[in-house]
Amino acid sequence: MHTHDLFDGASSDTRHERLAPGAWLLRGFALGQVTAVLAAIEGIQAAAPFRHLVTPGGFRMSVAMTNCGHLGWVSDRRGYRYDACDPLNGEPWPPMPPVFLELAQTAARAGGFLGFAPDACLINRYEPGARLTLHQDKDERDFSAPIVSVSLGLPAVFLFGGDARRDNHRRVRLQHGDVVVWGGPARLHHHGVLALKDGYHEILGPQRLNLTFRRAA
Ligand code: MD3
Ligand code: FE
């Protein structure tokens, strides 16, 4: 049993930190599932390798990505979208492993979101220097569902702001095992990740992985 199952409400665990209305940082929430999650990622990347997508503007993203679940997030010269198939091989994305679904749903519940049914999991791989510029996640159809993010490996500085790009931004250090639930009024906040610093993580080596669970369709 996962210790967090003992907590019913998001505020009963002192490690549940509210970052903003609708946004909960669950420190270490995924630590008990790391081995199983990494084993599942091995299987996913064997079928759907990490790749550097190109933005509609023609820039190669520094973050490498893959997906699992019914839908995967892709970008190319034509735009951003969710697609049922991996453009590299035309095959459906690998299925969402049960341990992923369980982790995403338990975290969503801890953040106060019942009934989260993610149909997409984007897996981001950061090597030193990789970063994600400020953006909103708005390619999903229904913004009433939260996004759940799981950080593994090297720590990163996460930036998030308000509804407007020019709003002041907060910095949060996301570490191995941390989970963040973004829903309600935080769902469309701008966010990004500063360039990953050099380092070596005892389990993952010189990289950071981030999983984002989404309800895309
Ligand atoms: C706040 N990933 O894949 S996860 C992304 O660490 C993405 O790889 C980052 O942003 C990463 O789109 C950040 C945290 C996150 C994810 C979705 C959000 C924060 C969010 C949606 C709304 C507001
Ligand atoms: Fe995002």
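The values are calculated or read from the model by the stated rules, or taken from the named source; none is laboratory data. It should be emphasised that the depicted structure is a prediction, and the values quoted were computed from it without experimental measurement. Note that we place each Cβ from the backbone using ideal geometry, even for glycine, and neighbour counts take in every protein chain shown. Only protein heavy atoms, including side chains, enter the accessible area calculation; ligands, DNA and RNA are left aside. Shrake-Rupley method; radii C 1.70, N 1.55, O 1.52, S 1.80 Å.
Give the shape of the chain as rounded, prolate or oblate, defined through the alpha-carbon gyration tensor: a ≥ b ≥ c are the square roots of its eigenvalues, a/c under 1.5 means rounded, and otherwise the shape is prolate if a/b is larger than b/c and oblate if not. Show your work: numbers first, answer last.
Details: a/c = 1.29, a/b = 1.20, b/c = 1.07.
Note, shape of the chain comes out rounded.
Accessible surface of the chain, 1.4 Å probe: 53 percent of it comes from carbon and sulfur atoms.
At most 10 other Cβ atoms within 10 Å and a DSSP loop assignment: could you name the chymotrypsin sites (Phe, Trp or Tyr not before Pro) in region 57-148 that fit?
Working: sites: Phe59, Trp73, Tyr80, Tyr82, Phe100, Phe113, Phe116, Tyr126, Phe143; in loops: Phe59, Phe113, Phe116, Phe143.
Sparse-neighbourhood loop chymotrypsin sites (Phe, Trp or Tyr not before Pro): none present.
Counting only heavy atoms of the protein chains, get the accessible area per residue of region 7-214 (1.4 Å probe) and round it to a whole Å² value.
Details: 9720 Å² over 208 residues.
Result: 47 Å² per residue.
Projecting the Cα positions of Tyr82, Pro49, His169 onto the charge dipole of region 7-214 (unit charges on Cβ atoms of Lys, Arg, Asp and Glu, taken about the Cα centre) puts His169 furthest along the positive direction.
Summing Cβ point charges (Lys, Arg +1; Asp, Glu -1) relative to the Cα centre of region 51-206 gives a dipole of roughly 560 debye. Think of the chain as a dipole: +1 on every Lys or Arg Cβ, -1 on every Asp or Glu Cβ, centred on the Cα centre; then among Val157, Ala36, Gly72, Val157 lies furthest on the positive end. The trypsin sites (Lys or Arg not before Pro) of region 94-187 meeting both criteria, a DSSP state outside H, G, I, E and B (loop) and at most 14 other C-beta atoms within 10 angstrom of the site's C-beta, are Lys138, Arg141, Arg165, Arg166.
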